[in-house]
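Take a look at the structure below.
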């Protein structure tokens, strides 16, 4: 097949900092068996072309995302990609709309995956494409025009359909098991990890306040925070104010190839997002045998509903509630049971499963298109 992906970025060559891991794995898996083109809308501010895992990558600059910029991108993407059999837009905003417009032009099927906050609306932190009529209509236009719409979690299925858009399949964006697995590191029974950029939607304020409360009962508690800081040291200052600066290590951005070693052996992974479509960090921690406790979003919500459960989703966003859950999950019997359930799920739904599932979807859609 001739497959085209339209992405918002994250396609630096291996070793680069601007990398979306599941995009890299998906492109590599598909390029090993098919002819793959990747159109990156806005990865760089200037046009460019390079190779990623055997696939041709073309960067189409966006500009300020005004109406003229969007129109230019929609006109540029089809010619940059050429003739294809199926087009897949990852994220249902401009990449999704460009994928659908291109597919309509060439009369081929399109897939759009809702990968983040395209329809989210969290006014308290001014987050989400659903806050503004223009961005919401752009995403809904892509989703309603797509041949098939996918999401990564059942939680996202409910979120997207509640916003008036269709969802045809749930396809988890799995962890790469060649990188993430229990590595035999010494178990650290009171050590927590958190993997996410420091920003308002990930809500590390809640994380630090909960750790401060939990530390009062468990003085051996420690926390590693792994992710780039977008808030100018706010969280380091908050840790000082809360009296836990000696317990919390802010490790900054960790290269993806080094992340498994940083997670392995931890007691728990903690996630505190306001919104998270299908956080890959939960699956990467699970693949290392480390369960997650956190807010009821994405895989945390889905895992909490499994039998047996594979994550603990707290009932509210109160620091005391999360602190109590962390302390309860530190019990060996509970942590081990959740960790084994999470590991089993992550192994069954890994990055290869993701690629195979999408490949089967492409084949069904192209066969249906030819027979129409």
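The values are calculated or read from the model by the stated rules, or taken from the named source; none is laboratory data. Given the structure is predicted, the values throughout are model-derived calculations rather than measurements. Every residue, glycine as well, gets a Cβ built from its backbone with ideal geometry; the counts of neighbours run over all protein chains shown.
The table for this structure:
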{"item": "Some residue of the range 202-215 being out of contact with any helix residue (DSSP H, G or I) (no Cβ under 9 Å at 6 or more places or on another chain) and under 21 Å from residue 122 (Cβ atoms)", "result": "yes"}
{"item": "Scope the range 312-334; condition in contact with a helix residue (DSSP H, G or I) (Cβ under 7 Å, 6 or more places away or on another chain) and modelled with pLDDT under 95; matching residues", "result": "334"}
{"item": "Qualifying positions in the range 301-327 - within 23 Å of residue 226 (Cα to Cα), surrounded by 22 or more Cβ atoms within 10 Å (Cβ to Cβ) and in contact (Cβ under 8 Å) with a residue 60 or more places away in the chain", "result": "322, 323, 326"}
{"item": "Residue check for residue 100: farther than 17 Å from residue 163 by Cα, touching a helix residue (DSSP H, G or I) at 6+ places or on another chain (Cβ under 9 Å) and modelled with pLDDT of 95 or more", "result": "yes"}
{"item": "So residue 293, is it in contact with a strand residue (DSSP E or B) (Cβ under 6 Å, 6 or more places away or on another chain), under 17 Å from residue 190 (Cα atoms) and buried (at least 24 other Cβ atoms within 10 Å of the Cβ)", "result": "yes"}
{"item": "Matching residues in the range 114-139 - criterion: being within 20 Å of the chain's Cα centre (by Cα) and assigned to a helix (DSSP H, G or I)", "result": "125, 129, 130, 135, 136, 139"}
{"item": "Scope the range 47-61; condition surrounded by fewer than 19 Cβ atoms within 10 Å (Cβ to Cβ) and under 26 Å from residue 136 (Cβ atoms); matching residues", "result": "61"}
{"item": "Scan of the range 63-100 for residues that are out of contact with any strand residue (DSSP E or B) (no Cβ under 9 Å at 6 or more places or on another chain) and crowded, with 21+ Cβ neighbours inside 10 Å, ordered by number", "result": "93"}
{"item": "Number of positions in the range 247-294 that are assigned to a loop (DSSP other than H, G, I, E, B) and in contact with a helix residue (DSSP H, G or I) (Cβ under 8 Å, 6 or more places away or on another chain)", "result": "13"}
{"item": "Of all residues making up the range 74-91, the number that are free of Cβ contacts under 8 Å to residues at least 60 places away in the same chain and touching a helix residue (DSSP H, G or I) at 6+ places or on another chain (Cβ under 6 Å)", "result": "2"}
{"item": "Index of the failed condition, residue 178 passing every other in (1) in contact (Cβ under 8 Å) with a residue 12 or more places away in the chain; (2) part of a loop (DSSP other than H, G, I, E, B)", "result": "(1)"}
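Matching residues to (1) crowded, with 18+ Cβ neighbours inside 10 Å; (2) more than 28 Å from residue 306 (Cα to Cα):
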| site | (1), (2) |
| --- | --- |
| 113 | yes, no |
| 121 | no, no |
| 124 | no, yes |
| 131 | no, yes |
| 145 | no, yes |
| 183 | no, no |
| 202 | yes, no |
| 206 | yes, no |
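Yes/no per residue for (1) outside the structural domain of residue 107 (by TED's automatic domain parsing); (2) on the phi > 0 side of the Ramachandran plot; (3) modelled with pLDDT of 95 or more; (4) more than 17 Å from the chain's Cα centre (by Cα):
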residue: 15; (1), (2), (3), (4): no, yes, no, yes
residue: 18; (1), (2), (3), (4): no, no, no, no
residue: 23; (1), (2), (3), (4): no, no, yes, no
residue: 32; (1), (2), (3), (4): no, no, yes, yes
residue: 42; (1), (2), (3), (4): no, yes, no, yes
residue: 51; (1), (2), (3), (4): no, no, yes, yes
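Quick grid of which residues meet (1) modelled with pLDDT under 95; (2) part of a loop (DSSP other than H, G, I, E, B); (3) within 26 Å of the chain's Cα centre (by Cα); (4) not assigned by TED's automatic domain parsing to the domain that holds residue 245:
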| position | (1), (2), (3), (4) |
| --- | --- |
| 182 | no, yes, yes, yes |
| 192 | no, no, yes, no |
| 201 | no, yes, yes, no |
| 210 | no, no, yes, no |
| 213 | no, no, no, no |
| 219 | no, yes, no, no |
| 223 | no, no, yes, no |
